[in-house]
Every structure is written in C-alpha cells, then in structure tokens.
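Here is the structure we will look at, set down as structure tokens.
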Amino acid sequence: MSFELPGYRECDGTYCFFPYEELPRLDETLWRGEFQWLTQLDDQRRQALELHQQTSADQLNTTLNALLASAEALPLRLPAAFVTFMGRPDLREQIPSCTACYFDLAQHIVKSPVGAEGYLIRFLNDQQGVLYWYLYLNAAGQEAVVVSPILFDAEDLEAISTEAILRNVGFCGESFEAFLYRFWLENTLWFALSDGQALTEAQEHYVKHYQ
C-alpha cells in the first residue's frame, strides 16, 4: 500500500495497492543497520515533519525499553536495525512522509492473528488512522513488515474473522530496514517530483522501472 509517484505511478486515492513483486528491486547490500543511505532533510521539510509527529522522543524511548523487556520474556529478538532506528530521533527526523505518517510504538507486543507463532509490533501510523505498519517477528528469528487498516494492538480481534484479517494485511518488506529504505526513497521521490527538483541517482534508478 503506497501513494502515487507523479508522472510514473498512478494512484486514484491517498493509498493504492501495488503488488509487491511488481515493485522496483532494491540494492540489498545497503542493509547494514547503519542507515548510511539516509540524507539530511532541508530545514523546511524537517519542520513540516515535526508538525505531524504525535509521539515525543522520550515517549518512544520509554516504550521501546518496555518492548525490549517484553520481547526477552517471550522470548523474541528485536532486530538491531529496528532498535537502533526507533531509539534515535536524529534518524527518524530524516524520513519525510507525503501522507503525514508518523513513527509511534505500540504499548505491547501482540500475537499475530495469522501466521505460525508470529508477533506484531506497530511502529508507524498514518496520521488519519487509514493504515498502520507492523514489524512481524517469530521465535525462529524471521522478520518482515506488514501493513493493515486494522489496529491490532487495540481492537477486539476475536470479533474479526480470519478471512477479513487476511484480506486486510499486506506484505511490504522482507526486513525492517528494507521496508524503511523503500518508504524513505518513495517519499523523498514524491517530494522531488512534486517540486520539480533534480532526482538523485537512486531516485532515477527507481523510476526507470516504471518507464
């Protein structure tokens, strides 16, 4: 679930469904947990980002520490890239959102309603509550990122059928950092295209897929 890329990928709403296997391929050598691919946002863009951020850095750090303790008791291992990123406001503030999404953390880890022995941690919200993004983990150490309009850590899941849940969950990243890179790249690309700015090499390579 993502947005349009003006002139390259159409979408008739805030978000549209794009089959994962049809998205541009990414350079997997970038996933080192260092976030060296992030570039500094200009002051104007960073100030706009602050306007729709609804959770303070202190709140996120407190919740992250509680989630780390909960994960250890399950037992689960939170990915190092996830812990690093969610614990560092200097990294989070470099990722803009053209749909006013903001980083947040669920107060607790929830059992995944689908999948074998998996768990979900909400970490990103659409400002209007249209979509929520979750880190999926299991005891075997597998991870992924999924998206859904369902607020899994707040709603009564017993009242929602498995079929309805499956219809409303989308796969959007084989790891936390892989998802985050595409989210960052598509958002910075949207702003560049909308503002008529020159594209970076990575952005040019991404839109070439749609040509």
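Residue-wise test of (1) under 17 Å from the mean Cα position of the chain (by Cα); (2) under 30 Å from Gly196 (Cβ atoms); (3) modelled with pLDDT under 95; (4) not polar (S, T, N, Q).
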{"position": "Gly33", "(1), (2), (3), (4)": "yes, no, yes, yes"}
{"position": "Leu38", "(1), (2), (3), (4)": "yes, yes, yes, yes"}
{"position": "Pro75", "(1), (2), (3), (4)": "no, no, yes, yes"}
{"position": "Thr84", "(1), (2), (3), (4)": "yes, no, no, no"}
{"position": "Pro113", "(1), (2), (3), (4)": "no, no, yes, yes"}
{"position": "Ala116", "(1), (2), (3), (4)": "no, no, yes, yes"}
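List the number of the failed condition for Ile165; all other conditions in (1) in contact (Cβ under 8 Å) with a residue 40 or more places away in the chain; (2) in a loop (DSSP other than H, G, I, E, B); (3) over 24 Å from Leu68 (Cα atoms) hold.
The number of the failed condition is (2).
Which condition number does Gln53 fail, the rest of (1) surrounded by 15 or more Cβ atoms within 10 Å (Cβ to Cβ); (2) modelled with pLDDT under 95; (3) out of contact with any strand residue (DSSP E or B) (no Cβ under 6 Å at 6 or more places or on another chain) being met?
It is condition (3) that Gln53 fails.
Per-residue answers, yes or no, for (1) of a type in the set (Phe, Trp, Tyr); (2) at pLDDT 90 or above; (3) closer than 26 Å to Gly33 by Cβ:
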position	(1), (2), (3)
Ala139	no, no, yes
Val145	no, yes, yes
Glu158	no, no, no
Thr162	no, no, no
Gly170	no, yes, yes
Gly173	no, yes, yes
Glu177	no, yes, yes
Tyr181	yes, yes, yes
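Between Leu124, Leu105, Leu120, which is in contact with a strand residue (DSSP E or B) (Cβ under 9 Å, 6 or more places away or on another chain), surrounded by 15 or more Cβ atoms within 10 Å (Cβ to Cβ), among the aliphatic types (A, V, I, L, M) and over 23 Å from Ala73 (Cβ atoms)?
Details: Leu105 fails: over 23 Å from Ala73 (Cβ atoms); Leu120 fails: over 23 Å from Ala73 (Cβ atoms).
The conditions single out Leu124.
Scan (1) surrounded by 10 or more Cβ atoms within 10 Å (Cβ to Cβ); (2) over 15 Å from the mean Cα position of the chain (by Cα); (3) part of a loop (DSSP other than H, G, I, E, B) for the single condition Gly141 breaks and write down its number.
The failed condition is (1).
Can you pull out the residues in the stretch 74-105 that are in a helix (DSSP H, G or I) and charged (D, E, K, R)?
Our first condition is that a residue be in a helix (DSSP H, G or I); within the stretch 74-105, this holds for 80-86, 89-92.
Selection gives Asp90, Arg92.
The values are calculated or read from the model by the stated rules, or taken from the named source; none is laboratory data. All values derive from a computational prediction rather than experimental measurement. Neighbour counts run over all protein chains shown; Cβ positions are idealised from the backbone, glycine included.
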